[in-house]
Structures are given as structure tokens and as C-alpha cells.
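What follows is one structure encoded as C-alpha cells, with my remarks underneath.
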Amino acid sequence: MSAGSIIVDTGPLVALLNRREQHHEWVKAALRDVRPPLLTCEAVIAEASYLLRRLDVGARALMALLARQAVKISFRLDEEHEAVARLMTKYADVPMSLADACLVRMSENLTRARVMTFDADFRVFRRVGRQVVPVTMPAGGA
């Protein structure tokens, strides 16, 4: 998996930093040939920080990834809030979280990027109307 950028969702980010997570080894293997940075949004960082709060070094490890730019926040919600709101309204029945909407919007803006996720809802979500969101996830989804 090397062509294009990787947009990372909360699940894979948490699994990367928590060896006890079910998909830890899958994430490590999937990222082996990926050139940093992984791209994400602040909503994903907030979710991951919350989920890692009980690990001794969880939040610090997450902040270290940002500090060394292995993970980069490359989304401005203040500039994209209308598009994000439209997506959340369109997929309200799924439902679509703020983080999910931001990632789908990122994939609309970065057309060659793939979203690394464990969330099977990304098989339902569409970008730019009807385009499938390119995803990388473990076989069978999560």
C-alpha cells in the first residue's frame, strides 16, 4: 500500500499505539510500506486520546506522533463545516460521526488517498455524491 496518502481513522490509530488491541499487528503490517505522515483530523485525535486515556503512555504517544509529524492534522473544520454538516445530514440514519464526516470530506479533497479504518460504515458512505470512499481495512471489516 504505497500510492497516495493514508487518512487514518480512530480505530487504527488506537490499535497502532495499543499492543492489546485486536488489530495491532494488522495495522503495523499495513503501515510497513507507507511513507509518513498519516493524515487525520482533530476529531479523530480527540477520539483516540479519549480511548487511550487509560494507557500509561497512550496520550503522550499520540502527541509524540503529532510532534514528529508521523501523523499530521490536515483538515480545517472551520473551512469545511458546511460540507461536513451536509454529509452528517445525509448519513444521519447510519449515523455518521463528526470524525467520520471529516474523514469522508478529506477523501473528497485528497482524491488519491485511502481511509484506513475498522468502521464498516465506510462501505456505505460515498464521497462527491456516489463515489466509493477508498478504504483499507482488515478482511471482513470490523
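Select from S49, S107, S74 the residue whose mean-square fluctuation is largest in a Gaussian network model of the chain (Cα-Cα springs shorter than 10 Å). Evaluated over the chain, the most mobile residue of the options is S74.
Taking every DSSP helix (H) stretch of at least 4 residues in the chain, weighting each as -39,500 (n - 2.57) and dividing the sum by the residue count yields a mean residue ellipticity at 222 nm of -13000 deg cm²/dmol. Secondary structure note: in the chain, about 20% of the DSSP beta bridges are antiparallel. GNM remark for the chain: springs join alpha carbons under 10 Å apart, and the peak mean-square fluctuation among V34, V84, V14 falls on V34.
Taking amide hydrogens as placed 1.01 Å from N in the peptide plane, the amide H of F118 sits under 5 Å from those of G11, each at least 5 positions away in sequence or on another chain. Of the residues T40, T89, the one with the fewest other Cβ atoms within 10 Å heads the list, and the complete ranking is T89, T40. Helices of the chain meeting both criteria, an alpha-carbon length of 15 angstrom or more along the long axis and an average Kyte-Doolittle score not below -0.5, with helices taken as full DSSP H segments, are 98-109.
The order of D9, D56, going from fewest to most other C-beta atoms within 10 Å of their C-beta, is D56, D9. In this simple spin-label model, placing a label point 7 Å from the Cα along the Cα-to-Cβ direction at both R54 and A83 gives a separation of 3.7 nm.
Bear in mind these aren't lab numbers, they're just calculated from the coordinates by the rules spelled out. As the structure is a computational prediction, the values presented were derived from the model and not from experiment. Here the Cβ is made from the backbone with ideal geometry for all residues, glycine too, and neighbour counts use every protein chain on show.
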